[in-house]
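J.: The following block contains the structure, expressed as C-alpha cells.
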Amino acid sequence: MAAPMSWRRLVYSVYSPAITGVFTRISDRLFRVRDRRGGSSVLLLAPLLAEADPAPCRVARPTGSAGAQGTDGLCSHFRWMAEHVPAFRVPGTHIHILTSPDQFYQAMKARIKTAKRRVVMASLYLGTGQLEQELVDCMEEALQRSLDNSHSPDLKVSILLDYTRGSRGQINSRTMLLPLLQRFSSQMRVSLYHTPDLRGLLRLLVPQRFNETIGVQHIKVYLFDDSIIISGANLSDSYFTNRQDRYVLLENCREVADFFSELVDAVGDVSLQLQPDDSVTMLEGMVHPYKGNRQDFSAVARKRIMEVMNTAHMRQRLLNRSEDSEDEGMSEGEDDTWVFPLVQMKPLGIQVDEQVTQRLLTDAGPDSTVFLTSGYFNLTRAYMRLVLGAGASYRILTASPEVNGFFGAKGVAGAIPAAYIHIARQFYNRVCQLGQQERVHLHEYHRAQWTFHAKGLWYYLQGQDRPCLTLIGSPNFGYRSVHRDLEAQIAIVTENEELQSQLQEEQEMLYQRSTEVSSSTFERPDRHVKLWVKLVTPFIKNFF
C-alpha cells in the first residue's frame with residue numbers, strides 16, 4: 001500500500017533521496033499495522049501540507065451567454081450552467097424558503113411521518129440528544145406503518161453520514177441508528193463515507209477529535225418521497241434550535257428528488273456499510289477507502305458519482321430541448337424556475353461547484369450586487385481574487401466571534417474564532433489597499449445565545465430590487481469546501497416574483513442582524529489576536 005502523497009511531498013522537499021527512500025519503506029510498513037482508535041496530537045501538523053489555490057479554472061463561455069446586465073431573458077445570463085450540469089425546470093410555487101431552525105426541524109418530522117416510498121438523508125452526522133431521537137422515532141413509526149400495511153414494505157430509508165464524525169465517542173450516530181437497522185434490516189441502509197486521504201500513519205495517530213479535519217462527507221440533503229430540503233444544517237439539536245442556517249424546501253419536484261436520491265446512493269455505494277452488529281463492510285467490488293489503493297478508490301468513486309451526473313445531464317438536456325424548441329428564454333407558465341445541482345468532491349476529482357462559482361463571481365458585472373454569506377469566512381485565494389477584481393458590489397456576511405461555532409471551545413479549537421478575525425482583517429486590509437471600500441463590504445452577524453452557520457449567495461441583477469439567483473447548500477467557499485470535503489448545493493434561477501421575494505426577505509433577515517466592519521472594528525479589545533494564533537492561522541484556515 002502506497003504512502004499518502006502529501007507525506008512524500010514533505011519528505012522530498014526536506015531530505016535527500018536516500019533518506020526519503022528509508023522513510024517511504026518505513027511508512028509503507030507502518031500502514032499495514034492494524035487500525036487503532038487511540039492517537040497522539042503529534043500528527044496534527046501532518047495535514048498542514050495544503051496545496052496553494054490554483055488559478056481560477058474558467059468554464060468555457062458560449063457566445064453571448066452571460067455578463068450582460070438587464071431584466072429581459074434571465075436565461076441569457078445563466079443558461080451556460082445547463083451546458084455543464086443538469087438543469088431541472090420546476091414551478092417556482094413549489095419552492096419555499098425556510099427561515100428558522102424550528103421550521104427546518106418540524107418540516108423534516110412531518111415529512112418523515114408521511115413518507116410512503118423513500119426517506120433519504122445525507123448529513124455530516126446525527127446527534128445523540130432528545131431532538132435527534134425524536135427524528136429516529138419518526139423513522140421507526142414510518143417504517144413500522146409500511147411494514148404493517150404490506151407483505152412487501154414499500155418504504156426504504158437510506159442514511160449517509162461521515163464515518164469519522166459519525167463514529168466519535170461511545171454514543172454516536174451509529175448507536176442511534178443501530179436499533180432501526182436491526183429491526184428493519186431489509187428496509188434500512190446506513191452508509192458511512194470515509195475520506196481516502198485519512199489512511200496509514202495519519203489515521204493511526206490523529207486523534208478522533210481532529211481526524212475529520214482531513215476530509216468529510218459534508219452534503220446536507222433531506223429527501224422525502226418527491227420533496228427535498230437542501231441545507232447547510234446537520235442533524236443535531238443546535239441546528240434545530242439556535243444555530244442559524246439556510247434551508248430550501250422543494251415540494252413535489254420528482255426529477256430533482258430522483259437526482260439527489262441517486263447521488264446519495266452513489267456516494268453510499270463507495271462508503272462503508274453499517275451492519276446490525278455495529279461492524280462495517282464494503283459492497284462487493286468496491287475499493288476500500290483507506291485499506292485499498294488511494295488512486296483506485298478515487299477512480300471508482302468518481303466513475304460511480306459522475307455516472308449519476310452525466311446521465312441526469314444528458315436526460316435533462318434532451319428534455320429541455322424538446323420543451324424549448326428554439327425558445328431562448330425561460331419557459332412560460334408554471335415552469336419559471338431552474339434548479340442546477342452543483343457537486344464538489346475534489347478528493348475524487350470532481351470540481352463542478354468550484355467551476356460554476358468562479359464563473360458566477362467572474363460574470364458579476366458593474367451595477368449588479370452579490371450578497372455572500374459564510375459561517376466561517378475563509379475565501380479561497382481564487383475566490384478572493386475574483387471578488388476583489390470583479391465589477392459587482394459585494395456584501396459579505398460572516399459570523400462575529402461570539403456566534404462562531406467554535407467560540408468558547410477548549411484547546412486549539414478555542415483559538416479558531418480569533419483565527420477568523422485575523423483572516424477577516426487581512427481581507428479587509430486588502431480591500432482598503434485596493435481602494436475597494438465602496439464596492440466590497442464586510443458584515444458580522446450578531447445574535448445573543450445563537451451561532452451562525454448560514455452560507456450561500458444572492459445575486460441581484462442591475463436595477464432589480466429582488467434576487468434572481470441564489471446558491472444554497474453545504475459549501476462554505478473556503479479551502480476545505482473546495483479541496484477536502486464532499487459538498488453539494490443548488491443554484492436556483494427564478495423569474496417567479498413570489499420566490500424572488502422570499503429570497504429577498506431571507507437575505508434581509510440575515511443582514512438585519514449584522515453590523516458593517518470598519519477599521520475601528522479590529523481595534524477593539526475583543527478583536528485582539530495573539531501572535532501565536534496569527535502564526536498558525538495559515539494552517540488552521542485549511543482545516544476548519
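J.: Name every residue in the stretch 361-382 that is surrounded by 21 or more Cβ atoms within 10 Å (Cβ to Cβ) and part of a helix (DSSP H, G or I), in order of residue number.
T.: 361, 363
J.: Further, regarding this structure: Report every pair of residues separated by at least 6 positions or lying on different chains whose Cβ atoms are under 7 Å apart, first residue within the stretch 123-145 and touching a residue at least 12 places away in the same chain (Cβ under 8 Å), second open to solvent by 30 Å² or more (accessible area, probe 1.4 Å) and not in a helix (DSSP H, G or I).
T.: 128/171
J.: Among the residues of the stretch 132-148, how many are farther than 16 Å from residue 188 by Cα and buried (at least 17 other Cβ atoms within 10 Å of the Cβ)?
T.: 1
J.: With modelled with pLDDT of 95 or more and charged (D, E, K, R) as the only criterion, which of 523, 506 stands out?
T.: 506
J.: Here is a follow-up. Which of (1) crowded, with 24+ Cβ neighbours inside 10 Å; (2) in contact with a His (Cβ under 7 Å, 6 or more places away or on another chain) does residue 231 not meet, given it meets every other one?
T.: It fails just one condition, (2).
J.: If a residue must be closer than 14 Å to residue 372 by Cα and either open to solvent by less than 20 Å² (accessible area, probe 1.4 Å) or in contact with a Cys (Cβ under 7 Å, 6 or more places away or on another chain) (or both), how many such residues does the stretch 425-442 contain?
T.: Residues that pass the stated criteria total 2.
J.: With respect to residue 214, is the statement that it is in contact with a Leu (Cβ under 6 Å, 6 or more places away or on another chain) and free of Cβ contacts under 8 Å to residues at least 40 places away in the same chain true?
T.: no
J.: Before we move on, is residue 241 β-branched (Val, Ile, Thr) and over 24 Å from the mean Cα position of the chain (by Cα)?
T.: No; evaluated as a whole, the condition is false for this residue.
J.: Could you list, in sequence order, all residues of the stretch 110-124 that are assigned to a loop (DSSP other than H, G, I, E, B) and aliphatic (A, V, I, L, M)?
T.: 115, 124 - these are the residues of the stretch 110-124 that are assigned to a loop (DSSP other than H, G, I, E, B) and aliphatic (A, V, I, L, M).
J.: Looking at the structure I just gave you, is residue 200 in contact with a strand residue (DSSP E or B) (Cβ under 9 Å, 6 or more places away or on another chain), touching a residue at least 60 places away in the same chain (Cβ under 8 Å), at positive phi and of a type outside the set (D, E, K, R)?
T.: Taking the combined requirement at face value, the residue does not satisfy it.
J.: Please go through the stretch 274-315 and give me each residue that is among the polar types (S, T, N, Q) and buried (at least 17 other Cβ atoms within 10 Å of the Cβ), ordered by number.
T.: The answer is 298, and nothing else.
J.: From the list 452, 407, which one is within 25 Å of residue 212 (Cα to Cα) and open to solvent by 10 Å² or more (accessible area, probe 1.4 Å)?
T.: 407
J.: Which of the residues spanning the stretch 521-537 are open to solvent by less than 70 Å² (accessible area, probe 1.4 Å) and not basic (Lys, Arg)?
T.: 521, 522, 529, 533, 536, 537
J.: Given the options 428, 445, 479, name the one that is of a type outside the set (Lys, Arg), touching a strand residue (DSSP E or B) at 6+ places or on another chain (Cβ under 8 Å) and within 24 Å of residue 362 (Cα to Cα).
T.: Every option except 428 fails the conditions.
J.: I'd like to know if the stretch 268-277 contains one or more residues that are part of a loop (DSSP other than H, G, I, E, B) and within 22 Å of the chain's Cα centre (by Cα).
T.: Yes; the residues of the stretch 268-277 include at least one that is part of a loop (DSSP other than H, G, I, E, B) and within 22 Å of the chain's Cα centre (by Cα).
J.: Related question: Output the qualifying pairs, or none if there are none: Cβ atoms under 7 angstrom, residues six or more apart or on different chains, first residue in the stretch 287-311 and in a helix (DSSP H, G or I), second residue open to solvent by 40 Å² or more (accessible area, probe 1.4 Å) and among the charged types (D, E, K, R).
T.: Correct list of pairs: 308/262.
J.: Give the residue, chosen from 181, 249, 223, 263, that is over 21 Å from residue 86 (Cα atoms), touching a residue at least 12 places away in the same chain (Cβ under 8 Å) and not in a loop (DSSP other than H, G, I, E, B).
T.: Criteria check complete, one pass: 181.
J.: Among the residues of the stretch 387-404 satisfying the criterion of being in a helix (DSSP H, G or I) and surrounded by fewer than 21 Cβ atoms within 10 Å (Cβ to Cβ), which is farthest from the chain's Cα centre (by Cα)?
T.: 389
J.: If a residue must be buried (at least 23 other Cβ atoms within 10 Å of the Cβ) and out of contact with any helix residue (DSSP H, G or I) (no Cβ under 9 Å at 6 or more places or on another chain), how many such residues does the stretch 351-360 contain?
T.: So the answer is 0.
J.: Counting just the residues of the stretch 154-195 that are in contact with a Ser or Thr (Cβ under 7 Å, 6 or more places away or on another chain) and more than 24 Å from residue 263 (Cβ to Cβ), which one comes out most open to solvent (accessible area, probe 1.4 Å)?
T.: 171
J.: Only one of (1) out of contact with any Pro (no Cβ under 8 Å at 6 or more places or on another chain); (2) under 30 Å from residue 88 (Cβ atoms) fails for residue 537. Which number is that?
T.: (2)
J.: Is it true that some residue in the stretch 533-544 is of a type in the set (Lys, Arg) and more than 23 Å from residue 428 (Cβ to Cβ)?
T.: Within the stretch 533-544, none of the residues are of a type in the set (Lys, Arg) and more than 23 Å from residue 428 (Cβ to Cβ).
J.: Can we say residue 409 is of a type in the set (A, V, I, L, M, F, W, C), without any contact (Cβ under 8 Å) to a residue 40 or more places away in the chain and outside any strand (DSSP E or B)?
T.: Answer is yes for this residue.
The values are calculated or read from the model by the stated rules, or taken from the named source; none is laboratory data. Model, not experiment: these values are computed from the prediction. Glycine also receives a Cβ, built like all others from the backbone with ideal geometry; neighbour counts cover every protein chain displayed. All accessible areas refer to the heavy atoms of the entire protein, side chains included, with ligands and DNA or RNA removed. Shrake-Rupley method; radii C 1.70, N 1.55, O 1.52, S 1.80 Å.
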